[in-house]
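Since the structure comes first, as structure tokens, the remarks are kept for the end.
The values are calculated or read from the model by the stated rules, or taken from the named source; none is laboratory data. Note that this is a predicted model, so its numbers are computed, not measured. Please note: Cβ atoms are built from the backbone with ideal geometry, for glycine as well, and neighbour counts cover all protein chains shown. Just so you know, the surface numbers come from the protein's heavy atoms only, side chains and all, with ligands and any DNA or RNA stripped out. Shrake-Rupley method; radii C 1.70, N 1.55, O 1.52, S 1.80 Å.
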Amino acid sequence: MELARDIGAAVLTNTEGLKVDVHRPEHEVYVDIRKFAYVSVEKHKALGGMPKATNGKALCLLSGGIDSPVALYMMAKRGVKVDAIHFHSYPFTSLQALDKVKGLRDIVAAYTGDIKLYSYNMLDAYTAINQNMNVSYTTVVSRRIMMRVAKKLAHDKGYDAIITGENIGQVASQTMYGIKAIEDATDMIIFRPLIAFDKLDIIDIAKKIGTYDKSIEPFDDCCSVFSPDHPQTRPLIADVKREEEKVDIDAIVEDIYKKGELL
């Protein structure tokens, strides 16, 4: 209060035609006193957030869509060191789709610092599902396989949690039943920073950070390529596990994991 009084007096003494109105001022003078005094008359909102890597390490499931890059950005903003894990099904998904994901990684990395990108081919998993299971469970079973692969990578590389861009009710696998069934496949913490966002709110953030235009490039990811015509929207965990018993899930996960790449 003493500094405010003395600085205010100095401003009034050296400026004509001003008076103090603490309730409805036309101008405010901001003084930040550290080693030096920094004086300004405007404030510009910055991105905010917490220092990098002050809140642990996590893996974000990064697709080529709008949501997951935003989820990665938001968790990094909270001080989490985030790397990415991407699932594809080449040659059913294109190399352009993979380049799109690399581009999204690079855009977000401008805010977060270096982001490692791990890549895994899910083609064998989709083949096993289509040949042996009720295809209506394709989405939920494939997501459970992704969670198992992500868990193996997290344990091997020391990540503390998994991040997804899931948004409640947005697609068939993101119903409450679907999310519960997918989460059952791992014992790791799963952060879903976009869970209650409206799609337009997510798009606004994507445009703000520069990922939106890249995300809407017309290259499909494996989830959209192998999406069934009539997916289960209320999958029960017991039913999902019965479907998984028709194949050797552990062997599929191990084979996918050992063929992974760091891009």
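Which aspartates and glutamates does Lys241 reach when only Cα atoms under 15 Å apart count, and residues fewer than 8 places away in its own chain are ignored?
The qualifying aspartates and glutamates are Glu183, Asp184, Asp250.
Keeping the other protein chains in place, figure out the carbon and sulfur percent of the accessible area of the chain, with a 1.4 Å probe.
The C+S portion of the solvent-accessible surface of the chain is 53 percent.
What length, rounded to one decimal in nm, is gained on full extension from Lys246 through to Phe36, with 0.36 nm per residue of separation minus their alpha-carbon distance?
Between Lys246 and Phe36, full extension yields 68.6 nm more.
Roughly what would the spin-label model give for Ala110 and Gln131, points 7 Å off Cα along C-beta, in nm?
4.5
How long is the gain from Asn14 to Leu123 if the chain were fully straight, where each residue apart is worth 0.36 nm and the alpha carbon distance is subtracted?
Numbers: separation 109, 0.36 × 109 = 39.24 nm, distance 7.42 nm.
So the extension gain works out to 31.8 nm.
Rg to Rh ratio, the chain, alpha-carbon atoms and Kirkwood radius?
Numbers: Rg = 24.4 Å, Rh = 20.9 Å.
My calculation puts Rg/Rh at 1.17.
Of the candidates Ala76, Ala97, Ala110, which one comes out as most mobile in a Gaussian network treatment of the chain with C-alpha springs shorter than 10 Å?
Greatest mean-square fluctuation among the candidates belongs to Ala110.
Take the residue pairs Lys157/Lys208; Lys81/Lys151; Lys45/Lys214; Lys57/Lys180; Lys116/Lys207 and return only those whose Cα atoms are more than 28 Å apart.
Lys157/Lys208
Could you do me a favour and compute the accessible area per residue for the chain, 1.4 Å probe, result in Å²?
Result: 57 Å² per residue.
What would the Debye equation give as log₁₀ I(q)/I(0) for the stretch 34-97 at q = 0.13, 0.21, 0.22, 0.28 Å⁻¹, counting only Cα atoms as equal point scatterers?
Rounded to two decimals, the profile gives -0.56, -0.89, -0.92, -1.14.
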